[in-house]
Amino acid sequence: MLKYILKRFVYIFIALFLIITITFFLMRLAPGSPFASEKSFPPEIEAQLNAEYGLDNPWYIQYKDYLISTAQLDFGESMKYKGRSTNDMIAESFPISLTLGVEAMILAVGLGVLFGSVAALYHNRGVDYVVTTIAVLGISVPSFILAGLLQYFLGLKLQLFPISGWNGFIYSILPATAIAVTHMGFIAKLVRSSMLEQNNSEYVKMARSKGLSKWGVLFKHSLRNALLPVVTYLAPLFAGVITGSFIVEQIFAIPGLGKYFVTSITNRDYTVIMGTTVFYSIILLLAVLIVDILYGFIDPRIKLRGGKKA
Amino acid sequence: MTQQIPKEKFNIVGGNHAATDQLAAKSVSFWKEVWLRFGHNKLAIVGIIILIIVAIMAIFVPIFSPYTYSQQLGVYNGPPSAKNWFGTDDLGRDVFTRVWYGARISLFIGITAAVIDLIIGVLWGSVSGLVGGRVDDIMMRIADVLTAVPYLLVVIILLVVLKPGLVPIIIALSITGWVNMARIVRGEVLSIKNQEYVLAARTLGASTAHIISKHLIPNALGAILVTMTLTIPSAIFTEAFLSFLGLGVPQPMASWGTMASDGNNAIDTAPWRLIFPAVLISITIFAFNAVGDGLRDALDPKLRK
């Protein structure tokens, strides 16, 4: 177990190092100086700015500085907005994204498991078809498109929800739904098929023949086993929720980290792009690790070992 | 003591070969059986029909539409009408025409990315699985690290640096996209390579290339096909996603993603500019997913009847 976790940490470090290196060199290759906005500076000012951000050093010094500051979790100062550090931006906006993301995840897992179980209980009957169709449709509509449509129909036309902003729970419903629907569909499909598999197994037949009701079997026996694939889906879910938040936050004008990230891309604000990318990578990689370890604890059949698989 | 039974007591009635032949099920080749099972999947058939329609419209749009994709008609943000079925956009271009030209670009990006994934993934996976040992270890560790790198972030970073355009988008999509395919092919290869017929081929002196092309690929084809069908919609999705970040194909070219993204900004004045490309993206992703799922079910030997 310990060996496995250590090994995974090594991978994470290599991956992070790769990401940091790739972002660093790509940003250096990027066309145009980050200070070349509408107005052109006199050369002296540009030289001074370059000196301030360390851009006049040779690349290996810059790379070394960047590695050291990143290792200290210091992501540098924004090139577009003077005096704003990337760390401040993250500290300020990430809690908002986190709230939205957690809400979306609860929605996706909760409804997904519910729909999947109901579909499996009424296998090949009306309810099953309705749920499966909803799931398939949900998977097919990208979150950012759903966001626009929800905003238009529920927000603008029916005036049920606020169109944009971040001002309490009601503001989070539409964006959280937009992010959650695709994943809800996936989870519903997963739960349905693994539940059907469980329903054919001996222990479920046994429980049924003891006289336990359908729902009793579901909650006491089959759901626990059927949930295992959902746990494996948690890592992609986490990644999906984060990337989903980029555009959804932009569309609903939510001041979360996703919106800052998108804005920094549009502004070509390299330090913020690099910092946010590295930050996102760290939490994504950690999330995947946690899910893997969790899975090993939940499913006793899986032994996490350092050795080779297969 | 066993009792001797006189031979006269046995009566040879003879076998009725014609009758046993009739009892046996008709022999059906594997791919034919897959096709039959696929045909029973209504969702998959709907998917195929949708894909055919979209493809026909995308290829033959110049015949169906009197306009070109960048022609400005002078009617700005006009609602759907008899002349412009899907309305016009802010520059007075016909949305119906643009949507089908957009289909060309979106489908092109999706299919090309899937083909590149296929080529790299199959090579990487089969070499890794077949050679085994240290080579396999190293190749799979590289794949492990690449999977650990968050896909969309890399794509975004790459496109921030590369100039937006068709080729950069395809490069960015396939740069880590092939890992999944490589893993699946390796898994198939590992399960096939230890079977007797591969051993037999090796003993007869067949080269690695021969074994890959004649034995492994035909047998792994099913899994490869399914993965590919499911890669296309995710590439189309990612392309649309990038367009919303402003990293899509540049004007006046239009992909579904750029159109939906533009339409999203004009949602209160011209909602048709979002709705039509949005519906098409969703329907196409749905169709590819349905076909992919149908193929997977059809190829699953556990579901054989």
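The values are calculated or read from the model by the stated rules, or taken from the named source; none is laboratory data. Keep in mind that what you see is a predicted model, and the values were worked out from it rather than measured. Note: ideal-geometry Cβ built from the backbone for every residue, glycine included; neighbour counts use all protein chains shown. For the accessible areas, the whole protein counts, side chains as well, though only heavy atoms, and no ligand, DNA or RNA atoms are used. Shrake-Rupley method; radii C 1.70, N 1.55, O 1.52, S 1.80 Å.
Here are a few things to note about the model shown:
- Helical mean residue ellipticity (222 nm; -39500 (n - 2.57) per DSSP H run of 4+; nearest 500) of chain A: -24000 deg cm²/dmol
- As a length-normalised measure over Cα pairs under 8 Å and 6 or more apart, the relative contact order of the range A:145-231 settles at 23 percent.
- Compactness of the range A:118-255, expressed as Rg and Dmax over alpha-carbon positions, Å: 18.3, 55
- Accessible surface calculations at 1.4 Å, restricted to protein heavy atoms, place chain A at 50 Å² per residue.
- Averaged over the residues of A:10-19, the number of partner chain Cβ atoms lying within 10 Å of the residue Cβ comes to 4.
- Reducing the range B:243-305 and the range A:192-261 to their Cα centroids gives an inter-centroid distance of 25 Å.
- Across the range A:71-84, rounded Karplus estimates of 3J(HN,Hα) from the backbone phi angles (6.51 cos²θ - 1.76 cosθ + 1.60, θ = phi - 60°) give 4, 8, 6, 10, 9, x, 9, 4, 7, 8, 10, 4, x, 9 Hz, Gly and Pro being marked x.
- Ranked by solvent-accessible area (1.4 Å probe, protein heavy atoms only, all chains present), the residues B:272, B:256 order from largest to smallest as B:272, B:256.
- Each residue was assigned an accessible area with a 1.4 Å probe, and for residue A:79 the value is about 30 Å².
- The contact between chain A and chain B removes approximately 3400 Å² from the accessible area (both sides summed; 1.4 Å probe; ligands, DNA and RNA excluded).
- Residue-level accessible surface for residue A:254, protein heavy atoms, 1.4 Å, Å²: 0 Å²
- For the range B:146-204, the solvent-accessible area with a 1.4 angstrom probe is 44 square angstrom per residue.
- Accessible surface ranking that places the most exposed of B:273, A:192, A:28 first, with a 1.4 angstrom probe: A:28, A:192, B:273
- Values of log10 I(q)/I(0), in the order q = 0.10 Å⁻¹, for the protein assembly as shown under a Debye, Cα-only, solvent-free model: -1.03
- Between 0 and 90°, nearest 10: helix B:133-148 axis offset from chain B longest Cα axis: 30 degrees
- Ranking B:159, A:29, A:49 by solvent-accessible area of protein heavy atoms (1.4 Å probe, all protein chains present), from largest to smallest, gives A:29, A:49, B:159.
- Peptide A:243-254 - average C-beta neighbours from other chains (10 Å radius): 3
- Over all directions, the projected convex hull of the C-alpha atoms in chain A averages 21.0 nm² in area.
- Quarter the surface of the alpha carbon convex hull of the range B:46-134 and you get the mean projected area, 8.8 square nanometres.
- Rel. contact order, % - alpha carbon contacts under 8 angstrom, at least six apart, chain B: 25 percent
- Around the Cα centre of the protein assembly as shown, unit charges on the Cβ atoms of Lys, Arg, Asp and Glu (plus for the first two, minus for the last two) sum to a dipole of about 2480 debye.
- In degrees, nearest ten, helix B:151-161 long axis to first principal axis of chain B (Cα): 40 degrees
- Chain A - percent of accessible surface contributed by carbon and sulfur, probe 1.4 Å: 67 percent
- Binned Cα-Cα distances of chain B, short to long, each 20 Å bin given as a whole percent: 26, 44, 20, 7, 3, 0
- Mean separation of Cα contacts under 8 Å, 6 or more apart, over the residue count of chain A: relative contact order %: 26 percent
- Per residue of chain B, the DSSP helices (runs of n ≥ 4 H) give a summed -39500 (n - 2.57) that works out to -23000 deg cm²/dmol at 222 nm.
- Rounded to the nearest 10 degrees, the angle from helix A:270-298 to the longest Cα principal axis of chain A is 30 degrees.
- Put simply, the amide H of residue A:77, placed in the peptide plane, has neighbours under 5 Å in A:86, leaving out anything fewer than 5 places away on its chain.
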